[in-house]
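Student: The structure that follows is given in the form of structure tokens.
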Amino acid sequence: MFGLSNFCLLLVILLNFFCLGSSRLGACIRAVALQGALLALLPVTAHGLSGHALLLAGGAFVLKGVFIPWLLLKAIREVRIRKEVEPLIGYVPTMILGAVITAAAFIFADSLPLVPEHHGGLFIPTALATLFAGFLLLMTRRKAITQVLGYLVLENGIFIFGVLLSEAMPLMVEAGVLLDLLVGVFVMGIVMNQINREFSTLNTEHLSALKE
Amino acid sequence: MILRIVLHLALLLLFAPLLQGVITKTKALFAGRVGAPLLQPYRDLARLWRKGFVFSRTTTWVFLAGPVVGLVVPVLASLLIPFGALPAPIFFEGDLILFVYLFGLSRFFTAVAALDTGSSFEGMGAAREVTFSCLAEPTMLFALIVLARLSGGLSLNQLLGSHLAAAWGPAAASLGLIVVSLIVVLLVENSRIPFDDPNTHLELTMIHEVMVLDHSGPALGMILYGAALKLMVMGALVVRLVLPWQTGWAGLDALIFLGGLLLLAILIGVIESVMARLRLVRIPQLLIGTTLLSAFALVLVLR
């Protein structure tokens, strides 16, 4: 069981790199969907088959792996964009930054005061690295849709932390977080449509320009 | 010692062109053709060897040095690397650095020989080749550092020693990442699709092939043979990582190694058949990506 969850976590980190380095939005959305689906496996692999874990896994899979990616794919089909044109920091520098922060997350996680059973595992470093990768996506991209993806990756990082605590965390809290996420993506979708209609592009730069 | 060197060289020199034949055959089967016979590369080499040298009046001795160094370097490098479970005949502490930079030497001479002709196309090809290989080099070094960390030694014999089979248990993740990165390096260094097309005839898109356009006869034969040897030597690294078993019988070990190489050649043929060439601007991005992968493998091993 432990081997399987470590394998999932490694794939999650590789998908982070992919999202940071890829310019095609469709591929990025599918990568985030796959990441969400992999994360849905984690509660089961980490805590064994129980009702609580299954509910958590099912909810995460349906929302993160299927529903939200479907919404996003529909959105890019409607506004007809395929590529993030010019990120604030180029793809290669963001990938290098991603690698640096992943390494930093591994070093940092070792110096955290954790309970003994979490020491040396891949959970904490992966959670930190995914969190930072989400931040990077949010910061470096201009298109609203990639920023939504960054937000999703960020939430995935938090979810990995949550899996460690899921024994202590009531189901209600998890459900609340997932609901928040869904509402967030919905709102972003509406905002995206509005930006698109107003400026005929999804570039968020225009939002900061003042008008008379 | 002498016997080992002879065995190593015999395996290398006799077997290397067959790999090219297997790759061509696989590609032909994918395309629905019968394809050239498996032994065609040997016949090509024999045919080229019977021809005469043709040298342009603008070239100097450097022009001939390129193919010669390109042929000698893989032979020297092969003496440093174990072929499967057969240990390398020559080894010393730190020979992995020599192994990596021997190929740097051959690349330098190929590029210089291309520049020596004074053709602008060849200069362009040389610039591309050098750019891509300098991006591929860190990946190779990171991979070797990971292996050094796992084995605790600094010679290729120890790096690829018998501990590998046991190391696949605890360090499977980093070894897997390394194998993937090394296959990418193998494809780049041997100018295969998706990075370069060995059969291309369009000067603008050529990388490696454009540098050897002006060579003919035995010099071209040396380049082709050198390329085949290089593929086998670098393939030996990947094959040993993937098939780390040791039976104790030299004959059986050699058979396992050769079988692994054949599988690798088929894999390369499949990759070439199912993938299109990458755009030139995407290649550096991908190479930096594999560098990061192998660096990440190092982080996993270090903690």
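Student: In Å³ and rounded to a whole number, note down the convex hull volume per residue for the Cα atoms of the protein assembly as shown. Before the final figure, lay out each step's value.
Tutor: Numbers: hull volume 96.4 nm³, N = 515.
Looking at the protein assembly as shown, the number lands at 187 Å³ per residue.
Student: Can you pull the semi-axes for chain B, root of five times each eigenvalue of the Cα gyration tensor, sorted largest first, whole Å? Write out the running numbers ahead of the final one.
Tutor: Details: eigenvalues 182, 96, 78 Å².
Working through the eigenvalues yields semi-axes of 30, 22, 20 Å.
Student: If I stretch the segment between residue A:111 and residue A:27 completely, what's the gain in nm (0.36 nm per residue apart, minus their alpha carbon distance), one decimal? Display every interim value, and only then the final one.
Tutor: Working: separation 84, 0.36 × 84 = 30.24 nm, distance 3.54 nm.
Between residue A:111 and residue A:27, full extension yields an extra 26.7 nm.
Student: Any chance you could run the full-extension gain for residue A:186 through residue A:80? It's 0.36 nm times the residue separation minus the Cα-Cα distance, nm to one decimal. Present the calculation step by step, with values, prior to reporting the outcome.
Tutor: On the way: separation 106, 0.36 × 106 = 38.16 nm, distance 1.83 nm.
My answer for the length gained is 36.3 nm.
Student: Based on the mean of other beta carbon atoms within 10 Å per residue, what is the order of A:40-49, B:182-191, most packed first?
Tutor: Numbers: A:40-49: 18.9, B:182-191: 22.0.
In decreasing order of mean packing, A:40-49, B:182-191 become B:182-191, A:40-49.
Student: Another question, then. Distance from a point 7 Å along Cα→Cβ of residue B:267 to each backbone N in the range B:173-201: keep the residues under 19 Å and list them by number.
Tutor: Only B:173-196 fall inside the zone, counting backbone N under 19 Å.
Student: Still on this structure: What is the distance in Å between the Cα centres of the range A:24-66 and the range B:190-227?
Tutor: Each part's Cα centre sits 47 Å from the other's.
Student: May I pose another question? Given just the C-alpha atoms of the range B:1-99, how large is their convex hull per residue in cubic angstrom? Each step should come with its number before you reach the end.
Tutor: Details: hull volume 17.6 nm³, N = 99.
Residue-normalised Cα hull volume stands at 178 Å³.
Student: If each residue's Cβ is checked for other Cβ atoms within 10 Å, how do B:215, B:163 rank with the fewest at the top?
Tutor: Values: B:215 26, B:163 15.
Ordered from fewest to most neighbouring Cβ atoms within 10 Å, B:215, B:163 come out as B:163, B:215.
Student: Compute the orientation-averaged projected area for the range A:2-202 from the convex hull of its Cα atoms and round it to one decimal in nm². Mind showing how you got there, number by number?
Tutor: Numbers: hull surface 42.4 nm².
That works out to 10.6 nm².
Student: Also, I was wondering about something else. Any idea what % of Cα-Cα pairs in the range B:106-254 are farther than 25 Å?
Tutor: Values: 4339 of 11026 pairs.
Roughly 39 percent, rounded to a whole number.
Student: Please state the charge dipole magnitude for the range B:2-302, taken about the Cα centre, from unit charges on C-beta atoms (+1 on K and R, -1 on D and E), reported in debye and rounded to the nearest 20.
Tutor: On the way: 18 positive and 15 negative charges, 108 e Å.
The dipole magnitude comes to about 520 debye.
Student: Determine, from the Cβ-Cβ distance of residue A:138 and residue B:131 and an R0 of 30 Å, the FRET efficiency 1/(1 + (r/R0)^6), rounded to the nearest 0.05.
Tutor: On the way: r = 32 Å, r/R0 = 1.08.
Efficiency computed from Cβ-Cβ geometry: 0.40.
Student: In addition: Under a point spin-label approximation (7 Å from Cα along Cα-to-Cβ), what is the residue B:120-residue B:4 distance to one decimal in nm?
Tutor: In this crude spin-label approximation the distance works out to 5.3 nm.
Student: Over the C-alpha atoms of the range B:129-216, what are the Rg and the largest Cα-to-Cα span, Dmax, in Å?
Tutor: Radius of gyration, then largest Cα-Cα span, for the range B:129-216: 16.7, 51 Å.
Student: Quick one: order A:19, A:8 by neighbouring beta-carbon count within 10 Å, fewest to most. Provide the component values of the computation, followed by the final result.
Tutor: On the way: A:19 26, A:8 21.
Ascending number of Cβ neighbours within 10 Å: A:8, A:19.
Student: Counting only Cα, what are the radius of gyration and maximum Cα-Cα distance Dmax of the range A:116-212, in Å?
Tutor: Values for the range A:116-212 (Cα only, Rg and Dmax): 16.9, 60 Å.
Student: Right, next: Report the paramagnetic label zone for residue B:33: residues of the range B:269-283 whose backbone N is under 18 Å from a point 7 Å from Cα along the Cα-to-Cβ axis.
Tutor: B:269-277
Student: How many nm is it between the label spots at residue B:112 and residue A:14, if each spot is 7 Å from the Cα in line with the beta carbon?
Tutor: 4.1
Student: Which of B:101, B:42 comes first, and how do the rest follow, when ranked by fewest Cβ neighbours within 10 Å? Write down the numbers at each step before the final one.
Tutor: Details: B:101 14, B:42 17.
With the sparsest Cβ surroundings first, the list reads B:101, B:42.
Student: Moving to a separate point now. Could you work out the relative contact order of the range B:2-302, using alpha carbon pairs under 8 angstrom and six or more residues apart, expressed as a whole percent? Write down the numbers at each step before the final one.
Tutor: Numbers: 441 pairs, mean separation 92.7, N = 301.
Relative contact order of the range B:2-302: 31 percent.
Student: Return, ordered by residue number, the residues of the range A:27-56 whose backbone nitrogen is under 11 Å from a label point located 7 Å along Cα→Cβ of residue A:165.
Tutor: Label zone hits: none.
Student: Could you list the GluC sites (Glu not before Pro) in the range A:52-153 that lie in coil according to DSSP, counting only those with at most 13 other Cβ atoms within 10 Å of their Cβ?
Tutor: Working: sites: A:78, A:84, A:117; in loops: A:84.
Sparse-neighbourhood loop GluC sites (Glu not before Pro): none present.
Student: Extending each Cα 7 Å along its Cβ direction at residue B:205 and residue B:47, get the distance between those two points in nm, one decimal.
Tutor: Simple spin-label model gives 2.5 nm for this pair.
Student: While we're on this one: So which helices of chain A fit the span-like rule, where a helix is a whole DSSP H run, its Cα atoms reach 24 Å or more along the axis, and its mean Kyte-Doolittle is at least 1.6? Mind dumping the intermediate values first?
Tutor: On the way: long enough: A:2-21 (29 Å, 2.15); A:25-47 (34 Å, 1.51); A:91-110 (29 Å, 1.70); A:123-140 (25 Å, 1.95); A:144-164 (31 Å, 1.67); A:171-199 (41 Å, 1.37).
Passing helices, by number: A:2-21, A:91-110, A:123-140, A:144-164.
Student: Now, a different point. Over all residues in B:294-300, what is the mean tally of Cβ atoms on other chains that come within 10 Å of each residue's Cβ? Please report the intermediate quantities before stating the final value.
Tutor: On the way: counts 0, 5, 10, 0, 1, 8, 5.
That average works out to 4.
Student: Considering amide H positions built from the backbone, and no H for Pro or chain starts, which residues 5 or more places from residue A:142, or on another chain, come under 5 Å of its amide H?
Tutor: A:88
Student: In chain B, which helices (entire DSSP H runs) extend 24 Å or more along their own long axis, judged by Cα positions, while averaging at least -0.5 on the Kyte-Doolittle scale?
Tutor: Numbers: long enough: B:2-30 (42 Å, 1.67); B:61-80 (28 Å, 2.24); B:95-116 (31 Å, 1.54); B:120-151 (46 Å, 0.93); B:172-189 (25 Å, 2.62); B:217-242 (37 Å, 1.70); B:250-274 (36 Å, 2.22); B:282-302 (30 Å, 1.82).
In chain B, the long hydrophobic H runs are B:2-30, B:61-80, B:95-116, B:120-151, B:172-189, B:217-242, B:250-274, B:282-302.
Student: Additional query: Between their Cα atoms, which of B:25/B:51; B:27/B:230; B:51/B:230; A:64/A:143; A:74/B:27 are more than 30 Å away from each other? Intermediate values should be presented prior to the final figure.
Tutor: Numbers: B:25/B:51 26 Å; B:27/B:230 20 Å; B:51/B:230 24 Å; A:64/A:143 21 Å; A:74/B:27 38 Å.
Pairs exceeding the cut-off: A:74/B:27.
Student: If r is the Cβ-Cβ distance from residue B:13 to residue A:175 and R0 is 45 Å, what FRET efficiency results, to the nearest 0.05?
Tutor: With a Förster radius of 45 Å, E is 0.10.
Readers should treat all values here as calculations from the given coordinates under stated rules, not as data from a laboratory. Model, not experiment: these values are computed from the prediction. Glycine also receives a Cβ, built like all others from the backbone with ideal geometry; neighbour counts cover every protein chain displayed.
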